[in-house]
1. Provide the three semi-axes, in whole Å and in decreasing order, of the ellipsoid equivalent to the stretch 187-327 as defined by the square roots of 5 times the Cα gyration tensor eigenvalues.
2. Ordered by residue, what ³J(HN,Hα) values in Hz, to whole numbers, does the stretch 379-384 give under the Karplus form 6.51 cos²θ - 1.76 cosθ + 1.60, where θ = phi - 60° and Gly and Pro are x?
3. With no solvent and one equal point scatterer per Cα, compute the Debye intensity ratio I(q)/I(0) for the stretch 305-398 at 0.15, 0.16, 0.19, 0.23 Å⁻¹ and report its log10, rounded to two decimals.
4. Non-local amide H neighbours of residue 302 (under 5 Å, H modeled in plane, Pro and chain starts lacking H): which ones?
5. So, in Å, what gap is there between the alpha-carbon centers of the stretch 109-160 and the stretch 314-362?
6. Listed highest first by mean packing, meaning other Cβ atoms within 10 Å per residue, what order do 292-302, 106-116 come in?
7. Would you kindly state how much longer the chain becomes between residue 359 and residue 258 on full extension, computed as 0.36 nm times their sequence separation minus their alpha carbon distance, in nm to one decimal?
8. Can you work out the Karplus-derived ³J(HN,Hα) for every residue in the stretch 104-115? Use 6.51 cos²θ - 1.76 cosθ + 1.60 with θ = phi - 60°, whole Hz, and x for glycine or proline.
Amino acid sequence: MRLPAGAAVGMGGLLSPSAAELALVRDHLLGSDRPVGPDDLRRAVRETPGVRGDHELVSLERSARAELLGAGPVLQPLLDDPSVTDVLVNADRGVWVDRGSGLQQVPASGLGDARLLATRLASAAGQRLDDAAPVVDGRLPDGTRLHAVLAPLAAEGALISLRTVRRRAFTLAELQSSGFLDHTGADVLAQLVRVRANVLVSGATGSGKTTLLSSMLSLVPPDERIVCIEEAAELAPDHPHVVHLQVRRANVQGVGGIGLDYLVRTAMRMRPDRLVLGECRGEEVREVLSALNTGHDGGWATVHANAAVDVPARLVALGALAGLSARTVAVQALSAFDAVVHLRRWEGRRCLDQIAVLRSDESVGMRCEIAMRRDLSGALVVGVAWPDLARRLDGGGR
C-alpha cells in the first residue's frame, strides 16, 4: 500500500475511538501495492470490522479520506467547499481561503504542526519534502494542487498553498451570472470556438484562465478530439473525448523528467482536433507556435501577462528561452493566434477584461491592439482592432 508517511494516528497503542477506527481502515489497506484511491478507501471502510449505521459509515469515510488521502480534518472541509478556490497555511500563524472575493482568514484550531502537515501532504502527492528538498509542487490524490516550502527558505516556517480543482466546468450562463463576462463576451467567445480560431488566454495567477478554458472547451463539438497538455491535469471540460498529457518531474537524482515541450510534440501525433496547452511558461512556446502554424487550428493556450498589450513582450521572452529571435517569434505568433483574451480581477472578482488581436509592427515585430474592452459598467465595448476580430468571427482568415 502506498499511503503518505505519518497517515496513521496513535501513540503507544492508546487511541481514541475515532483514531482507532482510522487505524483499522489503514491496516485494511496495507495489502495494496498500488496507490490507494477513493474507491479503495470506501471499500475498506465498509469491510472494516465493527457494527455501524449509515451515519457512522459516512462519518468514518469522510474522516478517513481527509486523514489518509486528503489534507486532514481541518483543511479538507475547506477544500470540499465548492466556493473555495485556494487554501493557504502560513506556518502556524493562520489559515486563509479565497472564495472568489479575496483572501479571508478562517479558524484553524487543531491544525497542528505545519511542517508535519506539509511533509505528509507531499508524501500523499508522491513527492519528497525535507531539508534536502525544501520545496514541493505536486497533486494530492483528489486532484488538489499542492505547493509547500519549508524553513529556512520560508522565514515564518512551513508555508502550504492548496488550489482546488473544479470537477465540472462552468457553463457560459453560469459565467455570466457570476459577473465573469457579459452576454456579448459570451457570444464572441462561443463564436471563436465555432470558427476554430486559435486563442491565447492571458492573465495573472488566479485570474480564471483555467476556469474560462474549461468552459470554452465544453463548447467544442462532441465528434472532435481534445488533447490537453498541462503541468498537472486541471482542465475538466464537459466533453466526451478529452485526453490529458501531464509533465513528469525528475526524480531525486535529477533524471527521468519529461517537460511540456516534449509533450506538445507527442500530442501532435495523437490526431488532435483541438490542441490545448494549459500554460506557456518556457521553451515549449516554440512547439506551440510550430503546432498552430501547421494546420492545427482551433487550439487554445494560456500565458501569464499583466495586460493584453504585454503579451507580445511575454511571448518574445519565452521564445528567447527556446533560442528564438524576437523577429522569429513575432512572425510565428502573428500566423498562429487569431485572438488574445485577457482576464483580470476587478473589485475582487474575476472577469473578462479585453479581447485583442496581434498586429505586425516594423519596429518591434508585433504589437497587441484592443478589439474589445470592459468598461466601468462591466460591458464589453469595441476598440480599434474590432474590424480584424469581426472578420475572423465571420469565418475569415487573419
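Where a number appears in this text, it was derived from the coordinates with a stated rule and is not lab data. Just so it is clear, the model here is predicted, and its values are computed rather than measured. For neighbour counting, all protein chains shown are included, and Cβ atoms are generated from backbone atoms with ideal geometry for every residue, glycine included.
1. Computed over the stretch 187-327, the values are 23, 19, 15 Å.
2. Listing the rounded values in order: 8, 7, 10, 7, x, 5 Hz.
3. -0.61, -0.68, -0.90, -1.14
4. When sequence neighbours closer than 5 places are left aside, the close amide H contacts are 201, 277, 279, 280.
5. Spelled out, the Cα-based centre of one part sits 34 Å from the other.
6. Highest to lowest by the protection proxy: 292-302, 106-116.
7. Values: separation 101, 0.36 × 101 = 36.36 nm, distance 3.40 nm.
Roughly 33.0 nm would be gained on extension.
8. Coupling constants for the stretch 104-115: 9, 7, 10, x, 9, 4, x, 5, x, 6, 5, 5 Hz.
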